[in-house]
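What follows is one structure encoded as structure tokens, with my remarks underneath.
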Amino acid sequence: QVQLVESGGGLVQPGGSLRLSCAASGSIFIIYKMGWYRQPPGKKRDLVATITTSGNTNYADSVKGRFTISRDNAKNTVYLQMNSLKPDDTAVYYCNADVSPGPKLTTVSAWGQGTQVTVSS
């Protein structure tokens, strides 16, 4: 099994910054794409950003220029630097990773438990 543990959420004022971290552990042979998704209150979960093993990134239009995703492959960790935060960024943020537990084994999509980000004055 693979476990993803997020940290770094909290309450921040509009215009502020937060950095989320997500560490993967367990049965890991290789981690392919890693990403962050968010679910605002009463809404569905949507993509925030993804990053491939080689560092190619993809962002939702709403966060481009404000959020930066990065990863440390040696630590099996993905980060999300969030700047210029807005009240609309308030959501539970979830980490996701596509993980192969071993050679020729099926890749699984693992999710973290989520971390709350609240942007409010």
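Bear in mind these aren't lab numbers, they're just calculated from the coordinates by the rules spelled out. If you're wondering where the values come from, they're calculated on a predicted model, not measured in any experiment. Note: ideal-geometry Cβ built from the backbone for every residue, glycine included; neighbour counts use all protein chains shown.
Taking 41 Å as R0, compute the FRET efficiency from the Cβ-Cβ separation of Q13 and K104 and round it to 0.05.
Efficiency for this residue pair is about 0.25.
At 7 Å along the Cα-to-beta-carbon direction for both Q113 and K43, put a label point, then send me their distance in nm to one decimal.
Using points 7 Å along Cα→Cβ, the separation is 2.5 nm.
At 0.36 nm per residue, minus the direct Cα-Cα distance, what do D72 and A23 gain on full extension? Give it in nm, one decimal, please.
Taking D72 through A23 to full extension adds about 16.7 nm, to one decimal.
How far apart, in nm, are the 7 Å Cα→Cβ label points at S120 and T57?
About 2.9 nm separates the two model spin labels.
Would you mind telling me the antiparallel percentage of the DSSP bridges in the chain, rounded to 5?
95 percent
Just T90, T106, T50 to compare: in a GNM of the chain, with alpha carbon springs under 10 Å, which one fluctuates most?
T106
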